[in-house]
Amino acid sequence: MTHHTVSSTARVLGAGLRALLVLTLVCGVIYPLAVTGVAQLLFEDRADGSEIKDASGQVVGSSLIGQRYDLPPRAGEASPAPDLRWFQPRPSRGLGANSVNTQYALLVSGATNRSGDNEELIAWVREARAAVIQDNSTATYEVKPADVPPDAVTSSASGLDPHISPAYARLQIHRVAERNGLDVKEVGSLVAAHTTGRLLGFLGEPRVNVLELNTALRDLTRE
């Protein structure tokens with residue numbers, strides 16, 4: 001190998017090494033820091049995971065991810081019963097246990113993806129509707145089958161939807177008021193205050209974030 005060839009190879013390797021160092025600095029350090037800085041400056045809430053805090057400042061979850069509100073499971077129970085003191089989210093049928101890393105209680109996103117005439121889906125809906133009617137009927141308020149909205153008996157596309165429809169939230173008002181010893185009108189005002197309208201007045205549907213609503217309910221019951 002000639003001196004010229006060795007020199008050329010050294011120059012190519014040197015140029016490649018310099019390019020690697022520069023790109024590592026720019027893409028691995030400067031760019032992430034710049035993006036993180038802009039996000040923290042302009043979108044701090046979103047950059048930190050859209051966290052929701054209660055009146056004491058404790059983080060209770062994210063406004064982007066749905067949660068269940070269940071009683072502690074009893075021995076022999078196939079699944080825990082819902083804690084009826086709280087507003088309930090959409091059903092989470094379709095969610096499976098995490099089998100990839102069993103050290104963490106993660107959920108696999110899923111949904112009730114069946115055709116409209118699927119017998120299994122029909123059975124799920126009928127079962128869920130009967131449970132909604134039973135759970136939300138009180139001594140002074142009777143829930144009728146026609147009152148049960150679709151989102152009360154079917155899960156979302158991901159199974160992690162944090163929102164319910166205003167109709168489903170209103171259906172739960174009497175039960176929540178009774179279980180917490182609150183006035184129905186007071187709980188109704190709470191639902192109205194946490195109902196978000198359509199984006200720009202025409203995009204999407206009105207919705208209620210269940211975690212935000214339950215956080216406000218907990219703060220109210222602590223007063």
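Each value in this text was obtained by applying a stated rule to the coordinates, not by laboratory testing. None of the values given here were measured: they were computed from a predicted structure. Ideal geometry is used to build each Cβ from the backbone, glycine not excepted, and the neighbour counts take in all protein chains shown.
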Quiz item: If we count other beta carbons within 10 Å of each Cβ, what is the order of 52, 133, fewest first?
Solution: 133, 52
Quiz item: In the chain, which longest range has no chymotrypsin sites (Phe, Trp or Tyr not before Pro) that are both DSSP loop (not H, G, I, E or B) and surrounded by at most 13 other Cβ atoms within 10 Å?
Solution: 105-201
Practice problem: Grab the DSSP H runs of the chain that are 4 residues or longer, score each as -39,500 (n - 2.57), total them, divide by all residues and round the 222 nm result to the nearest 500 deg cm²/dmol. | Solution: -13000 deg cm²/dmol
Quiz prompt | Burial ordering of 13, 171, 200, fewest other beta-carbon atoms within 10 Å first | solution = 200, 13, 171
Quiz item: Of (1) 18; (2) 12; (3) 38, which one was derived for percent of Cα pairs over 32 Å apart from the structure shown?
Solution: (3)
Quiz item: By how many nm would the segment from residue 120 to residue 158 grow when fully extended, if each residue of separation counts as 0.36 nm and the alpha-carbon distance is taken off?
Solution: 11.8 nm
Quiz item: If each residue's Cβ is checked for other Cβ atoms within 10 Å, how do 46, 74, 179 rank with the fewest at the top?
Solution: 74, 46, 179
Quiz item: Which of the GluC sites (Glu not before Pro) across region 18-91 are loop residues per DSSP, with 11 or fewer other Cβ within 10 Å?
Solution: 77
